[in-house]
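Data first, discussion second: the structure below is written as structure tokens.
Nothing in this text is a laboratory measurement; each read-out follows from the coordinates by a stated rule. Keep in mind that this is a model prediction, so the values were computed, not measured. When we count neighbours, we look across all protein chains shown, and the Cβ atoms used for this are built from the backbone with ideal geometry, even at glycine.
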Amino acid sequence: MNLLEVNSVCKTYGSGETAVNALKNVSFTIPKGEFAAVIGESGSGKSTLLNMIGALDTPTSGKVWIDGNDIFRMKDEKLTIFRRRNIGFIFQAFNLIPELNVEQNITFPLLLDYKKPDQAYVEEILAVLSLTDRRNHLPRQLSGGQQQRVAIGRALITRPMLILADEPTGNLDSQNSNEVISLLKTASKRYQQTIIMITHNRSMASTADRVLQVSDGVLTHLGVYAE
Ligand SMILES: Nc1ncnc2c1ncn2[C@@H]1O[C@H](COP(=O)(O)OP(=O)(O)OP(=O)(O)O)[C@@H](O)[C@H]1O
Ligand SMILES: [Mg+2]
């Protein structure tokens with residue numbers, strides 16, 4: 001079953017002489033549980049594509065279905081709840097809440113839904129992200145890479161069916177990057193989570209199930225790697 005279907009998505013920013021066609025008729029599907037990497041040059045449209053899939057912005061034309069839901073036909077309030085429950089975002093700007101400590105930042109999305117954290121899973125996330133001994137620290141007391149890892153934990157805690165990651169390892173050294181990628185992969189295999197990750201790192205991309213390349217707003221598939 002396809003967890004994601006993107007159909008003829010176009011995105012134009014601005015109008016007239018300054019118009020930028022950031023996405024040109026992009027169509028593709030991703031099966032449930034797949035780990036897909038998105039590569040492409042700076043300014044090619046990768047983040048724009050992720051923003052459309054996550055319904056953070058609306059396409060100029062085209063459709064996006066997530067788990068059979070036509071997301072741009074949902075009413076605002078329904079879409080907000082759908083997004084919170086089903087999509088985990090990992091962005092370059094971490095948007096951690098300064099007054100909350102590491103553990104509280106990670107479990108925050110659950111609290112928004114009045115759900116109790118699964119403490120065993122919280123411990124596992126803290127351990128894999130090497131944050132156990134920083135659990136009571138505030139974001140300002142953490143390094144950039146540590147803050148990035150908290151943002152990753154926050155995206156995983158609800159076990160969303162779709163994880164959208166925009167260069168999630170951009171601030172990490174190679175060992176931490178590898179650990180984070182393997183955590184994402186384990187999550188996708190264990191919980192059948194679908195992951196779409198933008199990366200500039202070709203060797204990281206080559207370990208994905210599928211690689212999508214964006215060139216000047218046009219998407220090309222680089223194929224599916226064998227299991
Ligand atoms: N809000 C906006 N208003 C106008 N133009 C925009 C906006 N956001 C992005 N663009 C333009 O759309 C194009 C695609 O941008 P996008 O951020 O998707 O690139 P990217 O592939 O993510 O690049 P990078 O690797 O540098 O993050 C660029 O030419 C950019 O200038
Ligand atoms: Mg980008």
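General remarks:
- Computed extension gain for F82 through D216, at 0.36 nm per residue and net of the alpha carbon distance, reaches 45.2 nm.
- Only helices enter this figure: runs of n ≥ 4 DSSP H residues, each worth -39500 (n - 2.57), summed and divided by the residues of the chain, yield -10000 deg cm²/dmol at 222 nm to the nearest 500.
- The packing ranking of peptides 80-86, 173-179, 151-157, highest mean first, is 151-157, 80-86, 173-179, where packing means the average number of other beta carbon atoms within 10 angstrom of each residue.
- Here r is the Cβ-Cβ distance between S206 and Y114 and R0 is 35 Å; the resulting FRET efficiency, rounded to 0.05, is 0.25.
- Out-of-range pairs (alpha-carbon distance over 27 Å; input K11/K78; K63/K115; K75/K115; K78/K116): K63/K115
- Scaling the Cα radius of gyration of the chain by the globular reference 2.2 N^0.38 Å produces a ratio of 1.00.
- For a paramagnetic label modelled on R159 (point 7 Å from Cα along Cα→Cβ), amide N atoms under 11 Å away belong, within segment 186-227, to 190-193.
- Modelled FRET efficiency - R0 45 Å, D57 with N136, Cβ distances, 0.05 increments: 0.80
- Rounded to 10°, Cα long-axis angle of helix 174-191 versus longest principal axis of the chain: 80
- Modelled spin labels at T12 and S174, positioned 7 Å past Cα toward Cβ, are 4.5 nm from each other.
- Estimated FRET transfer efficiency (N21, Q192; beta-carbon r; R0 35 Å; 0.05): 0.50
- Leading residue at positive end of dipole, the chain (Cβ point charges), from L50, H200, V64: V64
- Sequence-ordered 3J(HN,Hα) estimates for segment 215-223 from the Karplus curve with 6.51, -1.76 and 1.60 and θ = phi - 60° stand at 10, 6, x, 10, 9, 10, 8, 9, x Hz, glycine and proline given as x.
- Kirkwood hydrodynamic radius of segment 147-227, from inverse mean 1/r over distinct Cα pairs, in Å: 13.4
- Charged-residue dipole, Cβ positions (Lys, Arg, Asp, Glu), the chain about Cα centre, Debye nearest 20: 400
- log₁₀ of I(q)/I(0) at q = 0.26 Å⁻¹ - segment 1-78, Debye sum with one point per alpha carbon: -1.35
- Residues whose placed amide H lies under 5 Å from that of V218, excluding near-sequence neighbours: K24
- Relative contact order of the chain: 29 percent, from C-alpha pairs under 8 Å at least 6 residues apart in sequence.
- Long-range amide H partners of G88 with built H, under 5 Å: L162, I163, L164
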